[in-house]
Amino acid sequence: MGTQTDPRKVILSALEDEERVLSHELERLREGLRDSLRETSGEMTVENHPGDVGTETYEREKDLGRARYLEAQVAEVVAARHRLAAGEFGVCQACGRRIDPGRLAVRPQSALCLECEERNEGGARGWAPEETHR
Ligand SMILES: [Zn+2]
């Protein structure tokens, strides 16, 4: 109520901006991938420039990897919006401590505190955000 800015609204709009940017890039990547698939399958029958096809395959692999990364990022933003709605925004999903506000300012979709993310990246793969202990 009143003129005071609701911090949750600020966070929500930051998340929405993030999602927009990510979705836009993802869409562009997917279009590029569709086009390159068409072009490559056309070249298959003519069988020319095998070197170029190799480079294109490499480029496509790179774009595919980027698309997968972006998809994961969008999923994180969506998950962060759910946490915001549930009143759990800014709480580390692994250890339950509050995530550093500076970190959230840079990356509002952060699901983990810096410590947990570093531990996560440090090899312990397979950590699933769904596995919250209640
Ligand atoms: Zn943590």
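Any read-out appearing in this document is the output of simple, stated calculations on the displayed coordinates, not a laboratory observation. Everything numeric in this text was worked out from a predicted model, so none of it was measured.
Each residue of segment 12-25 was assigned a 3J(HN,Hα) from its phi angle through the Karplus curve 6.51 cos²θ - 1.76 cosθ + 1.60 (θ = phi - 60°); the sequence is 4, 5, 5, 5, 5, 4, 4, 5, 4, 4, 5, 5, 4, 5 Hz, with glycine and proline shown as x. Under 5 Å between amide hydrogens, built in the peptide plane, is the criterion, and for Gln93 it picks out Leu112, Cys113 among residues at least 5 positions away or on other chains.
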